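Below is one structure; the comments refer to it alone.
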Amino acid sequence: MTSQRDDEFQDPLEDYDPPKYKDPLEEALAEKSVTEIQASPHTVIPADMSVQDAMRKLAGQDIACVMVEEDGRLAGVFSDRDVLDRVALEFDSVKHQPISSVMTTEPVCVYETDSAAAALSVMAVTGYRHVPVVSLDENILGIISPQRLTKFLHKYAQA
């Protein structure tokens, strides 16, 4: 039986001790947000762009992935993997179709408030190499690639 009244508030975090980390990398993954990882430059295309024009964008900018937007929100991603899986053998029949017909819909993304570990987890668990970063209101902020994540990890592994 406690001596406090039942209606009196007791802060459950009153005795909270913040975690202690073994090394700077572990701390960075847990405490830094995905905004600490380079997410720009990035390329966004409209959902009605043709498959052929989207492929030209990938090749012309020497990038592996573009984000597709519709009504100002992330609608999907189109990557070199989509080219191989959905376009290569059917190019003549799909080249004039909108990119929305061959893109990866409902891409797994991370929010700007997520930890850096979340981006690493998404890549490890889903196998996607490019992870879009969006704001809490679903606006596109950027994209995290393996090279960008490695640069972030290397920065803290050297600390």
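Tabulated values for the structure
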| item | result |
| --- | --- |
| Which numbered condition residue 51 fails, given (1) more than 22 Å from residue 127 (Cα to Cα); (2) out of contact with any Pro (no Cβ under 9 Å at 6 or more places or on another chain); (3) of a type in the set (Val, Ile, Thr) | (2) |
| Residues that are under 22 Å from residue 79 (Cα atoms) and either in contact with a helix residue (DSSP H, G or I) (Cβ under 9 Å, 6 or more places away or on another chain) or at pLDDT 95 or above (or both), drawn from the stretch 136-159 | 140, 141, 142, 143, 144, 145, 146, 147, 148, 149, 150, 151 |
| Every residue from the stretch 124-141 that is closer than 20 Å to residue 31 by Cβ and crowded, with 18+ Cβ neighbours inside 10 Å | 131, 133, 141 |
| Qualifying residue in the stretch 31-44 (condition: in contact with a Ser or Thr (Cβ under 8 Å, 6 or more places away or on another chain) and not in a helix (DSSP H, G or I)) | yes |
| Of residues in the stretch 91-114 being under 14 Å from the mean Cα position of the chain (by Cα) and of a type in the set (A, V, I, L, M), the one farthest from residue 77 (Cα to Cα) | 110 |
| The lone exception for residue 49 - which of (1) over 16 Å from residue 132 (Cβ atoms); (2) within 19 Å of the chain's Cα centre (by Cα) it fails | (2) |
| Filtered residue count, the stretch 129-150, keeping only those that are among the hydroxyl-bearing types (Ser, Thr, Tyr) and in contact (Cβ under 8 Å) with a residue 24 or more places away in the chain | 2 |
| Scan of the stretch 87-126 for residues that are at pLDDT 95 or above, charged (D, E, K, R) and touching a strand residue (DSSP E or B) at 6+ places or on another chain (Cβ under 9 Å), ordered by number | 95, 112, 114 |
| Residue 70 vs. criteria out of contact with any helix residue (DSSP H, G or I) (no Cβ under 7 Å at 6 or more places or on another chain), surrounded by fewer than 16 Cβ atoms within 10 Å (Cβ to Cβ), in contact (Cβ under 8 Å) with a residue 12 or more places away in the chain and within 24 Å of residue 33 (Cβ to Cβ) | no |
| Wholly within the stretch 59-159, strands (runs of 3 or more DSSP E) carrying at least 1 residues that are among the hydrophobic types (A, V, I, L, M, F, W, C) and closer than 30 Å to residue 23 by Cα | 131-134, 140-144 |
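Every residue, every condition in (1) out of contact with any Cys (no Cβ under 8 Å at 6 or more places or on another chain); (2) in contact (Cβ under 8 Å) with a residue 60 or more places away in the chain, yes or no:
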residue: 74; (1), (2): no, yes
residue: 88; (1), (2): yes, no
residue: 92; (1), (2): yes, no
residue: 103; (1), (2): yes, no
residue: 109; (1), (2): yes, no
residue: 116; (1), (2): yes, yes
residue: 123; (1), (2): yes, no
residue: 152; (1), (2): yes, yes
residue: 157; (1), (2): yes, yes
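The values are calculated or read from the model by the stated rules, or taken from the named source; none is laboratory data. Please read all numbers here as calculations on a predicted model, not as lab measurements. Cβ coordinates were reconstructed from backbone atoms using ideal geometry, including for glycine residues, and neighbour counts include every protein chain displayed.
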